[in-house]
1. Can you tell me, using C-alpha contacts under 8 Å and at least 6 residues apart, the relative contact order of the chain as a whole percent?
2. Can you give me the distance in nm between label points at Ala103 and Ile128, each placed 7 Å from the Cα along the Cα-to-Cβ direction?
3. Roughly what % of Cα-Cα distances in the stretch 37-120 sit above 18 Å, to the whole percent?
4. Nearest 500 deg cm²/dmol is fine: what mean residue ellipticity at 222 nm does the chain get from its DSSP H runs of n ≥ 4 alone, each adding -39,500 (n - 2.57), divided by its residue count?
5. Please report how far the C-alpha centroid of the stretch 89-112 lies from that of the stretch 27-71, rounded to the nearest whole angstrom.
6. Mind telling me which of Phe112, Phe122, Phe54 comes out most flexible in a GNM of the chain, alpha-carbon contacts under 10 Å?
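All of the numbers you see were taken from the coordinates with simple rules; none came from a lab. Because the structure is a prediction, the values reported are computed rather than measured. When we count neighbours, we look across all protein chains shown, and the Cβ atoms used for this are built from the backbone with ideal geometry, even at glycine.
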Amino acid sequence: WIAGLAVFLIGVSLVGVGVQSWGGGGDCLNGGACTQVGDSSLPFGSAEYIGLGFLVMTTIVIVELFGSVFMRSCSFAIALLFGYLIASFTTDRNGDKYTNRDAISEAPAILFLWTKTFPIGFYAPALIPVLVG
């Protein structure tokens, strides 16, 4: 029951972040325009943001009720991808898009990021125990 309590407390602590994201993001919580939502600059709690949140939540419920076992285990990922797909094809009331593809279009076609994060090299002293043993 301790593991269940720990999972419950983690879930409760994430509710606040979820409500902020559902309303448009944490940057617009204090009455400013939401800048984390692509090119859209609607205020916090706009009907468009709430509608997208309900669409994702409804997708989760539908997949949980009618999906196969595999789909139910992936219901959150499926719902988030579906919500992102809908958001990428629609605009808000001002005609601004919810998604911004500037970072994708500026990225190189092929990038081996792990070679920059973890430089390729060889540490010779690590080979000594292998040769000895």
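1. 17 percent
2. Output for this residue pair reads 4.4 nm.
3. 58 percent
4. -17500 deg cm²/dmol
5. Taking the Cα centre of each part, the stretch 89-112 and the stretch 27-71 sit 17 Å apart.
6. Ranking Phe112, Phe122, Phe54 by mean-square fluctuation puts Phe122 first.
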